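**Q** Below are the structure tokens for one structure; questions will follow.
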Amino acid sequence: MTDAPTADPGPGFYAFVGFFLLALALWFLMRNMNARMRRMSYRQQLAHRGRDEPQAGPGEVGEDEGTTDAPQERGQDPPDERG
């Protein structure tokens with residue numbers, strides 16, 4: 001019949017500590033995920049850089065780039081300049 005207060009900590013303190021540790025772990029996980037997503041986005045932008053630009057057509061190629069002695073397609077001989 002005596003309801004004397006006890007000195008041992010109740011579940012309130014342990015619940016607070018557990019919740020705090022879970023919140024701290026979640027904060028570290030979110031921080032790490034944010035950094036990884038930022039790095040992935042940066043690498044993706046570098047990989048796609050220049051892909052949206054149109055390629056040069058046959059009339060837009062400069063003289064240095066358009067004149068080669070190599071065959072144009074596989075299996076074809078270069079055009080004969082002698083005659």
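**Q** Only one of A7, A47, A25, A15 is modelled with pLDDT of 65 or more and outside any helix (DSSP H, G or I). Can you tell me which? Break it down stepwise before answering.
**A** Numbers: A47 fails: outside any helix (DSSP H, G or I); A25 fails: outside any helix (DSSP H, G or I); A15 fails: outside any helix (DSSP H, G or I).
One residue alone meets the criteria, A7.
**Q** Quick check, is D64 surrounded by fewer than 10 Cβ atoms within 10 Å (Cβ to Cβ), at negative phi and at pLDDT 60 or above?
**A** No.
The values are calculated or read from the model by the stated rules, or taken from the named source; none is laboratory data. Keep in mind that what you see is a predicted model, and the values were worked out from it rather than measured. Ideal geometry is used to build each Cβ from the backbone, glycine not excepted, and the neighbour counts take in all protein chains shown.
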